[in-house]
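Before any comments, here is the structure.
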Amino acid sequence: MTLAEFFQSQLFGIILGGLLTGGFTLLSENIRFNREQKIYLKRKRESLYQMMYELVMRIEHDIRNNKKDILSKSSKDLWNEIQNESIYGKQVTMNYFYKLCEKLDSSFEDETKEMLDKHIENNTKILEFYAHIKKELGIKD
């Protein structure tokens, strides 16, 4: 069998068809895998950011209940859970979160301000964090 006869044979068609099918299958599986990976990461981030927002609200609640620098057990547990899941968060958002927690924690050390003013200031910071999270996740009002 010559080379010209091979290219015109059924065997060549079968081999070519198998290669094309296998190539397209690998390509489509790779695209599907990448899409599923992005969806998984997005869901993990949504969950993490929800926990982060809940924690800053709890910290503000703990402070409002005059616990000041003493966090409730549920807040500490949530903090530990956030630390475990923090690998899924964007670095910018994680830095924002830690700075916000630090600001909330230190907001009641200065006794010169009125308590209501401190809560308003803290709530403003929390809402800014909320807006940052929504922007990052692409959530529109």
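Coordinate-derived values only; no laboratory data. On a predicted model such as this, the values are computed, not experimentally measured, just so you know. Here Cβ is always computed from backbone atoms with ideal geometry, including for glycine, and neighbour counts include all displayed protein chains.
Points worth noting:
- Relative contact order of the chain, pairs being alpha-carbon contacts under 8 Å that are 6 or more residues apart, as %: 26
- For region 10-66 and region 70-86, distance of Cα centres in Å: 26
- Under a model in which nothing but the beta-carbon of Lys, Arg (+1) and Asp, Glu (-1) is charged, the chain shows a dipole of about 320 debye around its Cα centre.
- Taking the charge dipole of region 11-123 about its Cα centre, with +1 at Lys and Arg Cβ atoms and -1 at Asp and Glu Cβ atoms, the residue from Gly23, Gln37, Val56 reaching farthest to the positive side is Gly23.
- Other residues lying with their Cβ under 15 Å from the Cβ of Arg43 contribute a combined charge of +2, Lys and Arg counting +1, Asp and Glu -1.
- Count, lysine Cα pairs under 12 Å in region 43-137, 8 or more residues apart or across chains: 4
- The Cα trace of the chain gives Rg and Dmax of 27.2, 98 Å, the first to one decimal, the second as a whole number.
- Calculated over region 1-81: convex hull of Cα atoms, volume per residue (Å³): 98
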